[in-house]
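The values are calculated or read from the model by the stated rules, or taken from the named source; none is laboratory data. None of these values were measured; they are calculated from a predicted model. Methodologically, a virtual Cβ is constructed for each residue, glycine included, from the backbone with ideal geometry; neighbour enumeration extends over all protein chains shown.
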Amino acid sequence: MKKIIVLFVAVVMFMTLFMSYGYAKDLITVKTDIDDVKTDNKYFIISGSGQPNTVVELILNDNLSHKWVIDDTMFFAKLLTLSYGDNYIVIKAYKGDQLQILKGHVILTKKDGVLRITITAIEDIIKSLLR
């Protein structure tokens, strides 16, 4: 009986969560690779295309960085200034009751002369030695 109650509550919670808004997978398309990218340039451009009149929010490290509405050209490009180390990007696009969320991770590394020794490379070496 307990299993049935737990299953019922889980189904109701799942339905409530996903029926409160419509998930849209194609409101925007991001052309820039934002999935575990390493760069040594603190300026990072995110570009793509989307449906006209779609509101887009660009969140960098839990701070709203940009908010705009896609116009009739259907293209967008935004410049981000990254912090050293990990940068987490969330892009929220919504139009009416449709919502699309994209997440990314960009790592800004430091340059050290010709060798270009990075913080992440050193961390990887330390982690491999500790295993």
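Brief remarks on what is shown
- Subset tally (residues that are within 18 Å of I101 (Cα to Cα) and part of a loop (DSSP other than H, G, I, E, B)) for segment 37-56: 4
- Test: residue in segment 57-77 that is of a type in the set (A, V, I, L, M, F, W, C), touching a His at 6+ places or on another chain (Cβ under 6 Å) and part of a strand (DSSP E or B): yes
- Filter result for I46 (touching a Gly at 6+ places or on another chain (Cβ under 8 Å) and buried (at least 19 other Cβ atoms within 10 Å of the Cβ)): no
- Screening V37, V9 for residues that are more than 19 Å from the chain's Cα centre (by Cα), farther than 15 Å from F76 by Cα and modelled with pLDDT under 95 leaves exactly one candidate, V9.
- As a summary of the residue check, V55 satisfies the conditions (1) farther than 30 Å from E123 by Cα; (2) at pLDDT below 95; (3) surrounded by 13 or more Cβ atoms within 10 Å (Cβ to Cβ) except for the one numbered (2).
- Any pair with Cβ under 8 angstrom, 6 or more apart, that starts in segment 66-82 at a residue that is on the phi < 0 side of the Ramachandran plot and exposed (fewer than 15 other Cβ atoms within 10 Å of the Cβ) and ends at one that is outside any strand (DSSP E or B) and not hydrophobic (A, V, I, L, M, F, W, C): V69/N53; V69/T54; D71/P52; D72/P52; T81/K42
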